[in-house]
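Below is one structure; the comments refer to it alone.
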Amino acid sequence: MSENIKDKLEKIDKEHFSLLIDIGKVAKEENLKAYLVGGMVRDILLRFNNLDMDIVVEANASKLATALVNKFPNCELSAKHDRFHTAKVIFTINGKKIPVDLASTREEVYEYPAALPKVNVSDLQKDLYRRDFTINALAVSLLPESFGEIVDLFNGLPDLKNKKIKILHDLSFIDDPTRIIRAVRFGAKLGFEIEAHTKQLLDQAIDSRRFDNLIKKIRGDRVKIEIRYLFNLLNISQVLKDFFQFGIYRMISTKLEPCHTTTLINTSETNSIKQWLIYIAFIIKDLDKETQEETLKNLQLTGEEIKIINNGLSAHKDLSTLILANKEINSVTIYKELKELAMESILITKLLFSSNKILLSLIDDYILNTSHIKLNITGQDLISMGIKEGKTIGRILNKILEVKIERPNMSQEDEILEAKKISTSTTNETEY
Ligand code: ATP
């Protein structure tokens, strides 16, 4: 008898559980078979939190989507792609939006390696067979009579227990090389090992050189998505090790040189930090400028993302030049270099100085303290003092701020005194 995980599904939150029950009932009414698949099934079995509901329908997702919308007033159709046989509905429960992705069971036909596959509607077995790894090819029945029953056609359950990443067929990496990145990602994320034969095929795929500089040949957005997930993982030192050791870097650019770091950039400060950008900067730092630019472009980074990386690399370069010239670097130098940079750019500079204790503590001080220093006076105060409106006002305020960085306890009166001092010396100079 196959395993049933109804008890585990009950433990995810109440709303999601009752949604799964309802979807199963409606599928039955419509004579359709519906299954929960992919990451959520894997993660429920591993007792991780994952509420991304991916549901496959044998064989008509669009019909189930329509039935759900008709039956439940709190369910709306958010997208429908007939070409891909997918639909998305959103339930609103207690003010909370819960998206549900529905897809018809599909098979994929690859006309040539790394091509975008042709998608044909098929049965559950073929749908599961097109997936990347056995642990991601588990399905759970949602039909009332078999609710919670696991469909494990490719031995995903033993692999999950033995912590193995295993592909489903020998051509898997050739069909879709982004699975190479995914193998490393799930290995690092879940603490799993890539199974021996899978590792052999991964090595063969990389050693064949057919995926060298892949992002130049195919549209890089799928690779970008996978790299982003990979470099967002917390155990980044293992990720970087595997990235170079397994040769994944060759898919990005064969010119990349192995580099490692055990330094973790603490991004817990704010969740909106794009950690992946910081580590892309880290791996491209030693490339010549032209190759850097080409790589970022091929990775389909946006102009803004490229700017963030370039700003971080430039700040590191500028400060390194000062160090080489034996110039003193203090809080004001750091302030001038880092002000107005995105937090990711600052963290790139910090990462690249990870072996320089003095610079590290100056940059940390900038992040924690200096960047928050504000003046008590404004441009209006300067104008009231008789200083003419115009660019000079901004320059004087900047100068006062630089003084304040070294004397953070300056009062409003101190700032006004400083303003007078600066403006007098300014009017004494012919050019400020
Ligand atoms: P996570 O939530 O950590 O990203 P996930 O398994 O949900 O994990 P997704 O990228 O959302 O990852 O993919 C959902 C499912 O789609 C996977 O579990 C897998 O079954 C299938 N899948 C995704 N990408 C591929 C691929 N490149 N080749 C084959 N199957 C894939």
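The values are calculated or read from the model by the stated rules, or taken from the named source; none is laboratory data. If you're wondering where the values come from, they're calculated on a predicted model, not measured in any experiment. Here the Cβ positions follow ideal geometry from the backbone for every residue, glycine too, while neighbour counts run over all protein chains shown. Just so you know, the surface numbers come from the protein's heavy atoms only, side chains and all, with ligands and any DNA or RNA stripped out. Shrake-Rupley method; radii C 1.70, N 1.55, O 1.52, S 1.80 Å.
Could you list, in sequence order, all residues of the stretch 60-90 that are surrounded by 14 or more Cβ atoms within 10 Å (Cβ to Cβ), out of contact with any His (no Cβ under 9 Å at 6 or more places or on another chain) and part of a helix (DSSP H, G or I)?
Within the stretch 60-90, 63, 64, 65, 66, 67, 68, 69 qualify.
Of all the helices (runs of 4 or more DSSP H) wholly in the stretch 295-354, which have at least 3 residues that are without any contact (Cβ under 8 Å) to a residue 24 or more places away in the chain and surrounded by fewer than 21 Cβ atoms within 10 Å (Cβ to Cβ)?
303-324
Against the definition (open to solvent by 50 Å² or more (accessible area, probe 1.4 Å) and within 13 Å of the ligand (Cβ to nearest atom)), how does residue 190 come out, yes or no?
The answer is no for residue 190.
Taking residue 179 as meeting all but one of (1) surrounded by fewer than 18 Cβ atoms within 10 Å (Cβ to Cβ); (2) charged (D, E, K, R); (3) not assigned by TED's automatic domain parsing to the domain that holds residue 62, write down the number of the exception.
Going through (1) surrounded by fewer than 18 Cβ atoms within 10 Å (Cβ to Cβ); (2) charged (D, E, K, R); (3) not assigned by TED's automatic domain parsing to the domain that holds residue 62 one by one, residue 179 breaks only (1).
Would you be able to say whether some residue in the stretch 369-382 is under 30 Å from residue 279 (Cβ atoms) and either touching a residue at least 60 places away in the same chain (Cβ under 8 Å) or not in a helix (DSSP H, G or I) (or both)? Quick ask: steps written out before the conclusion?
Within the stretch 369-382, the subset under 30 Å from residue 279 (Cβ atoms) is 369-373.
Subsequent filtering for residues that are either touching a residue at least 60 places away in the same chain (Cβ under 8 Å) or not in a helix (DSSP H, G or I) (or both) retains 369, 373.
Yes - at least one qualifying residue is present in the stretch 369-382.
Select from the stretch 5-59 the residues that are away from the ligand (no atom under 16 Å from the Cβ) and open to solvent by 70 Å² or more (accessible area, probe 1.4 Å) and list them in ascending order.
Within the stretch 5-59, 6, 7, 10, 11, 14, 25, 28, 29, 31, 33 meet the criteria.
Is it the case that some residue within the stretch 102-114 is more than 18 Å from residue 20 (Cα to Cα), open to solvent by less than 50 Å² (accessible area, probe 1.4 Å) and in a loop (DSSP other than H, G, I, E, B)?
Yes, the stretch 102-114 contains at least one residue that is more than 18 Å from residue 20 (Cα to Cα), open to solvent by less than 50 Å² (accessible area, probe 1.4 Å) and in a loop (DSSP other than H, G, I, E, B).
So residue 263 passes all but one of these: (1) at pLDDT 90 or above; (2) buried (at least 16 other Cβ atoms within 10 Å of the Cβ). Which condition number does it fail?
Result: residue 263 passes all but (1).
Within the stretch 140-181, how many residues turn out to be assigned to a strand (DSSP E or B) and free of Cβ contacts under 8 Å to residues at least 40 places away in the same chain? Even if it seems obvious, please write down each step before you answer.
Taking the stretch 140-181 as the starting set, the residues that turn out to be assigned to a strand (DSSP E or B) are 140-141, 149-151, 164-165, 167.
Applying the additional criterion that residues be free of Cβ contacts under 8 Å to residues at least 40 places away in the same chain yields 164-165, 167.
Qualifying residue count, the stretch 140-181: 3.
Being part of a helix (DSSP H, G or I) and more than 21 Å from residue 132 (Cα to Cα) is the filter here; which residues of the stretch 199-244 pass it?
Selection gives 216, 217, 236, 237, 238, 240, 241, 244.
Kindly provide the set of residues from the stretch 155-176 that are farther than 20 Å from residue 119 by Cβ and open to solvent by 20 Å² or more (accessible area, probe 1.4 Å), ordered by number.
Matches in the stretch 155-176: 155, 157, 158, 161, 162, 163, 164, 166, 170.
On the given criteria, is residue 185 within 16 Å of the ligand (Cβ to nearest atom), under 23 Å from residue 117 (Cα atoms), among the charged types (D, E, K, R) and crowded, with 20+ Cβ neighbours inside 10 Å? Walk me through how you get there before you give the answer.
On the way: within 16 Å of the ligand (Cβ to nearest atom): yes; under 23 Å from residue 117 (Cα atoms): yes; among the charged types (D, E, K, R): yes; crowded, with 20+ Cβ neighbours inside 10 Å: yes.
Yes.
With the condition kept exactly as written, say whether any residue in the stretch 135-153 is over 30 Å from residue 30 (Cα atoms), within 12 Å of the ligand (Cβ to nearest atom) and open to solvent by less than 10 Å² (accessible area, probe 1.4 Å).
No, the stretch 135-153 contains no residue that is over 30 Å from residue 30 (Cα atoms), within 12 Å of the ligand (Cβ to nearest atom) and open to solvent by less than 10 Å² (accessible area, probe 1.4 Å).
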